[in-house]
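Some notes on the structure that comes next.
FYI, it's all coordinate maths here, none of it is from the lab. As the structure is a computational prediction, the values presented were derived from the model and not from experiment. Using ideal geometry, Cβ is built from the backbone for each residue, glycine included, and neighbour counts are taken over all protein chains shown.
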Amino acid sequence: MEEHDAHLRRRGHQEKVTQPAYTRDEGSEDDSEEDRQSLLSKNNSSFDCCATHRRGLAPQPSFYDYLWSVFAQLWQSFSGPLPLDAHIQQSLVKLKTKLTVPFDKDNTAHMDDLVLLWKIAFPEEPVPNPLPDDRWKALGFQSDDPLRDFRGTGIFGLQNFLFMAEKYPTTWSRIVDLNEEKGERYPVAIASFNVTMMLFELLGWGWRTPGQTTCKDHNAFRTFATLLFPDPGASIEEAIVVFNEIYSLSMLKLDEKWDEIAAGYMDFPVVLTKTQEEVEIILSGFRQIEDVYDWNKQNL
């Protein structure tokens, strides 16, 4: 009787499921139990993934992750970058206000930064008073008066330049090349301000395409913004540090591109375009802030 009931149950199962989830040997009860456990294990894989994530291990991408990545690519192809999280959008507005302050010669803090730049570049030379001096041109300013060159990037352009000089002095000194060991090159201070403006434009702050990123790779724009504000608790001060780090790697790439194509003075726009392409590739490869610091530690 029990064998007859078991037979009916098996028959009923086969009628409902046209293609069994697994197969087994009809004569082996042990195999049946093993198969049922195997199927249960597969069904619980999503729970195992969650448990793995809680333990701090990286789960394998799921089928839904794959579908989302495909959707994101299609969206970007037709509609541009996916919208940023609300906290990132709000924080970027605040950051833009902070970073686009004009240089003010009557602001003591602004002038102190300019004096500090001179002392780093010419530690043995007294700060010129009045300010105009031909040695500013050796730093890459367009004239003997550096105050004329802050129109595009304001005080933050100078602070970017200073950040690299203080944190990565060896690389900065090699790029500035005050001893002209590499011969005549591009005006470094002006190039630096152009790199700052390039990063502004990647965030949609530029005058050429106001409100729209110039990123050709939409993922680079999203990554850049997310690195600045990875979570709602990220502060403006922390974002400025990350921006400075990305500026520093961008300056390195610009210098490398200049040498790579043996550029002349008139080739600077080409070099800047190639630099942006390279920076976008690097940004797209970052997943967290630590990746930025690690990259700079290895290369700067």
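When you count the other C-beta atoms within 10 angstrom of each residue and take the mean per peptide, 156-163, 238-245, 210-217, 144-151 line up highest first as 156-163, 238-245, 144-151, 210-217.
Calculate the all-directions average of the projected area of segment 215-300's alpha-carbon convex hull, and give it in nm².
Answer in nm², one decimal: 5.9.
Length gained on full extension, L84 to K297: 73.8 nm, using 0.36 nm per residue less the C-alpha separation. When each of the peptides 171-181, 97-107 is scored by how many other beta carbons lie within 10 Å of its residues on average, the order from highest to lowest is 171-181, 97-107. The alpha carbon centroids of segment 198-226 and segment 115-144 are separated by 33 Å. Each residue of segment 292-298 is assigned a 3J(HN,Hα), and the resulting list reads 5, 5, 5, 4, 5, 5, 7 Hz, derived from the Karplus form 6.51 cos²θ - 1.76 cosθ + 1.60 (θ = phi - 60°), x at Gly and Pro. Comparing V270, A191, V242 along the charge dipole axis of segment 157-300, the residue lying farthest to the positive side is V270, per the Cβ-charge model.
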